[in-house]
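The values are calculated or read from the model by the stated rules, or taken from the named source; none is laboratory data. Every value quoted in this text rests on a predicted model; they were computed, and no experiment measured them. In this analysis, Cβ positions are derived from the backbone assuming ideal geometry, glycine residues included, and neighbour counts consider all displayed protein chains. Quick note on the areas: whole protein, heavy atoms, side chains included, nothing else; ligands and nucleic acids left out. Shrake-Rupley method; radii C 1.70, N 1.55, O 1.52, S 1.80 Å.
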Amino acid sequence: MSFETLLYSVDDGIATITLNRPDSLNTIVPPMPDELEAAVHEAIADRAVKVIVLCGAGRAFCAGFDFGEGFHHWDEGLTTDGQWDPGKDFAVATAQSLGPVPKFMSIWRSPKPVIAQVHGWCVGGGSDMALCADLVIASEDARIGTPYSRVWGCYLTGMWLYRLGLTKAKELALTGRALSGREAAEIELINHAVPFSELEETVREQAARLASLPASQLAAMKLIVNQAYENMGLASTQFLGPVLDGLMRNTPDARQFVETSEADGVGAAIERRDGPFGDYSQAPASEKPDPGNVIDPSD
């Protein structure tokens with residue numbers, strides 16, 4: 001199967017799905033959510049595959065949904081006659097066959113364990129995607145966060161909430177501040193953070209260890225943990241999140257954010273949003289991912 005926005009390969013029982021829009025920091029555009037789901041399903045159907053690794057090409061795992069053109073990539077599912085259609089938005093966003101969140105959740109539902117290999121930027125919808133994985137291993141200098149917490153969005157998958165305790169969940173939901181990979185591991189949002197030079201080897205070793213176990217055992221242990229969180233209301237959280245996200249993209253403040261992006265460029269809108277916090281693009285170089293840390297899928 002060939003893909004437009006990602007790469008797929010299998011080696012020694014490990015399927016690797018690589019988000020492959022490196023020039024755009026692997027930002028999410030159609031048909032990436034559909035292709036992600038299709039690649040996961042391909043790995044599930046392949047009896048030779050025991051484990052799935054999800055990573056990003058270039059300088060980032062995924063810098064979130066692409067709104068460089070005012071979110072117009074998604075107009076078909078969000079607007080009618082050029083205007084936001086709230087009924088269409090919530091219907092599409094929550095539909096199992098259409099919404100990005102149900103597509104991301106193919107990672108969660110896979111009976112085969114998924115390891116997210118995170119480097120560079122892992123923000124917004126990219127963080128929602130990564131946190132659907134069973135294990136998340138990041139480079140220490142990665143930056144993980146939800147800048148949409150400040151304007152123009154809401155938690156989508158709810159995984160930020162379910163992976164954290166109340167104290168940190170509230171703090172990060174309200175501030176949207178960026179975490180380094182090291183900080184994310186310290187608060188147990190993710191499993192491990194390692195130097196970038198060790199990232200691929202660490203992920204590969206973990207995947208190989210899991211691949212040495214019986215597939216049925218892996219599926220059973222994943223299912224019992226998942227079911228516990230399903231019983232905590234995960235599905236209802238994931239219904240509410242995309243509905244609130246649609247509303248938060250269309251408040252007066254959100255419209256001003258888009259108008260600033262269109263008139264003065266996305267950089268100006270982001271500067272206004274993140275400047276007071278001094279993070280994401282407004283952070284000093286020491287608080288950003290190392291731009292020299294690049295994943296080359298051809299290696």
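Observations on the model:
- One residue stands out among those in the range 139-152 that are open to solvent by less than 10 Å² (accessible area, probe 1.4 Å) and under 28 Å from Arg272 (Cβ atoms): the one that is farthest from the chain's Cα centre (by Cα), which is Ala142.
- When the range 183-193 is filtered for residues that are out of contact with any His (no Cβ under 6 Å at 6 or more places or on another chain), closer than 18 Å to Thr146 by Cα and surrounded by 15 or more Cβ atoms within 10 Å (Cβ to Cβ), the ones remaining, listed by number, are Glu183, Ala184, Ile187, Leu189, Ile190.
- Some residue of the range 217-229 being in contact (Cβ under 8 Å) with a residue 24 or more places away in the chain, among the basic types (Lys, Arg) and out of contact with any Leu (no Cβ under 9 Å at 6 or more places or on another chain): yes
- The test for being touching a helix residue (DSSP H, G or I) at 6+ places or on another chain (Cβ under 9 Å) and modelled with pLDDT under 95 does not hold for Trp160.
- Residue match in the range 50-59 (condition: over 24 Å from Glu140 (Cβ atoms) and modelled with pLDDT of 95 or more): yes
- Just one of the listed residues (Ala43, Ala48, Ala38) is within 30 Å of Arg209 (Cα to Cα), in contact with a strand residue (DSSP E or B) (Cβ under 6 Å, 6 or more places away or on another chain) and of a type outside the set (Lys, Arg), namely Ala43.
- Condition broken by Ser127, with the remaining ones in (1) in a helix (DSSP H, G or I); (2) of a type outside the set (D, E, K, R); (3) in contact (Cβ under 8 Å) with a residue 24 or more places away in the chain; (4) in contact with a helix residue (DSSP H, G or I) (Cβ under 6 Å, 6 or more places away or on another chain) satisfied: (4)
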